[in-house]
1. Which is surrounded by 18 or more Cβ atoms within 10 Å (Cβ to Cβ), β-branched (Val, Ile, Thr) and within 21 Å of HIS76 (Cα to Cα), of VAL97, VAL120, VAL132?
2. So in region 73-92, with the set limited to residues that are part of a loop (DSSP other than H, G, I, E, B) and modelled with pLDDT of 95 or more, which one is farthest from THR115 (Cα to Cα)?
3. Hey, among THR100, THR115, which residue is among the hydroxyl-bearing types (Ser, Thr, Tyr), touching a strand residue (DSSP E or B) at 6+ places or on another chain (Cβ under 6 Å) and either assigned to a strand (DSSP E or B) or under 19 Å from ILE37 (Cα atoms) (or both)?
4. Could you pull out the residue among PRO27, PRO61, PRO33 that is modelled with pLDDT of 95 or more, over 12 Å from the mean Cα position of the chain (by Cα), outside any helix (DSSP H, G or I) and not hydrophobic (A, V, I, L, M, F, W, C)?
5. Are any residues in region 86-115 basic (Lys, Arg) and within 19 Å of GLY136 (Cβ to Cβ), and if so, which ones?
Amino acid sequence: MLKRSTALGLVMAAVGLLGTASAGQLPAPSAEPILTITGNVAVTNANGGAAFDLDLLKGLPATTFTTTTIWTDAPHSFTGVPLATLLDAVGARGEVVHATAINDYSIEIPVAAITADAPVVTYLMDGKPMSVRDKGPLWILYPFDDKPEYRTEVNYSRSIWQLDRLEIED
């Protein structure tokens, strides 16, 4: 079962970030960006796109879930931003999300296949940031144990780790 974070500080940060986003611009990242979103986005903060450091991602409404994966030995707790929430925050409009990893591996996720709950752009595993060695800093995941329909070859192939770029296309 997904658990929504309700910490007052997180909610206030999310309201502040989204309030800025509705004006057409995100705050600038204060640290090195770990994710850039380009393409058909209306809300930007860097060269026609949106750049997020970990703090900006943490400022969006987060989801925490525990799941097993085919890549890990045991269930782990993951925290991150639902991809739908992230796309809303940047005013993304398009039919396809191209997700690319640090090593240029890429996948496509049709926007029609994105729900409010899945997939999730995770940034914490068991409460700790993920290193590049441990599939981080960002890993697109589904809460596989929550619904049998998440456990498909297609969703496993969309679970890209070391994510660093999203491009939104028609």
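The values are calculated or read from the model by the stated rules, or taken from the named source; none is laboratory data. All values derive from a computational prediction rather than experimental measurement. Backbone-built Cβ (ideal geometry, glycine too); neighbour counts: all protein chains shown.
1. VAL120
2. That would be ALA74.
3. THR100
4. Details: PRO27 fails: modelled with pLDDT of 95 or more; PRO61 fails: over 12 Å from the mean Cα position of the chain (by Cα).
Among PRO27, PRO61, PRO33, only PRO33 is modelled with pLDDT of 95 or more, over 12 Å from the mean Cα position of the chain (by Cα), outside any helix (DSSP H, G or I) and not hydrophobic (A, V, I, L, M, F, W, C).
5. Residues of region 86-115 basic (Lys, Arg): 93.
None - no residue of region 86-115 is basic (Lys, Arg) and within 19 Å of GLY136 (Cβ to Cβ), so the list stays empty.
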